[in-house]
Amino acid sequence: MINETFISLVRNLFTMFNKRGQVTVFVILGIVLVALVVFVLYVNGVFVKFGLGESREVFVGSQVEPSKVVVRDCVERSLVDGILFVSIQGGYFDPVLYETFGGFDISYACEGGVNHLPMLNFIGNEIAQFMNQDSEIERIHDCIGDGFGSIESRGVNVDYNFADLSLPSPNILNDQVSQDIIFSYSLKKGDETAQVNDLRVEVPSNLRGVYDIAVDVVNAECGGSGFDIDDYVWEHGQALDILAASIANGPVVEDHQPWYLESYAAEGNGQLLKFHFVIEQ
């Protein structure tokens, strides 16, 4: 839309030329037309296209937002892998009491009559341990570096230091896991600069729902009453509304029995979340 400043400019031109009487109406209309074309070109960012400047909005949309996507995507991959790894080991990154099944150290959820099933905030800390191990940090750094390199190839300078990157424990919510990313960096192109301070990535996850079922199993088994899968899943011949996970257990080996919970919906990388643990018999 033509703003008030432009309208005022046109009015002043008419007034000036009418007073002097030195130009015809056609000349005035020509000047107005040129001014209108210049205004429209400016509004539509043609000057940006020819390198004569870049509006703040264009800079943020074309350069800053893609950089945020790079950081979020790189961290998200590690977060999902951490969720899956810690879950299959019963909520632990490096369990102390465990049995090895299928190449994983499956933690005891009940041993000596003591309930060892970790709380959700503890599981969040274990996921953070997975993400902050050297191999994962290196993977995240490489991923972000490659993404920023692609942005810099478009003439944008990205100023960052991986020493400023840290990943606190994620929050395990009802249907997602939320991860804060403590990381500050700046982007500069021409006269435009932007600062990015910290981000957050949220991934859909079934961890909370599967964990809630694990709590029911362990409380019953460790409390001595025993957990009956059929009673839990079926009522009067109909399946209960349990959409979070399937439930199964393995044979008792010596004095322990493995339990296997598996989500019905895939996590972010297409894999099903598996929450396994061991009960001492």
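Taken together, the values in this text are just the output of simple stated rules run on the coordinates, not laboratory data. Everything quoted here is computed from the prediction, not taken from an experiment. Using ideal geometry, Cβ is built from the backbone for each residue, glycine included, and neighbour counts are taken over all protein chains shown.
Here are some notes:
- 13 Å beta-carbon shell around G91, net charge (K/R +1, D/E -1): -2
- The stretch between V114 and D73 holds 10.8 nm of extra length on full extension. This uses 0.36 nm per residue minus the Cα-Cα distance.
- Two-site FRET efficiency, V233 against Q129, from Cβ-Cβ distance with R₀ of 25 Å, rounded to 0.05: 0.15
- Kirkwood hydrodynamic radius of the stretch 96-143, from inverse mean 1/r over distinct Cα pairs, in Å: 12.8 Å
- Taking a ≥ b ≥ c as the square roots of the eigenvalues of the Cα gyration tensor, the stretch 207-280 is classed as oblate, since a/c reaches at least 1.5 and a/b does not exceed b/c.
- Separation in nanometres of the label points that stand 7 Å from Cα toward Cβ, at D191 and F101: 6.6 nm
- Full extension of the chain between A265 and Q281 yields a length gain of 2.7 nm, computed as 0.36 nm times the residue separation minus the alpha carbon distance.
- Formal net charge of residues neighbouring V203 (Cβ-Cβ distance under 15 Å; K, R +1; D, E -1): -3
- Going from the fewest other Cβ atoms within 10 Å to the most, the residues L167, L36, L207, L273 appear in the order L36, L167, L273, L207.
- Efficiency of FRET from Cβ geometry, N121 and S153, R₀ 51 Å, rounded to 0.05: 0.75
- Summed residue charge, Cβ within 13 Å of L79's Cβ, Lys/Arg positive, Asp/Glu negative: -4
- Segment A163-R139, extension gain: residue separation times 0.36 nm, minus the distance between their alpha carbons: 7.2 nm
- Each principal axis of the Cα atoms in the stretch 141-240 has its own extent, and those three values, largest first, are 71, 27, 20 angstrom.
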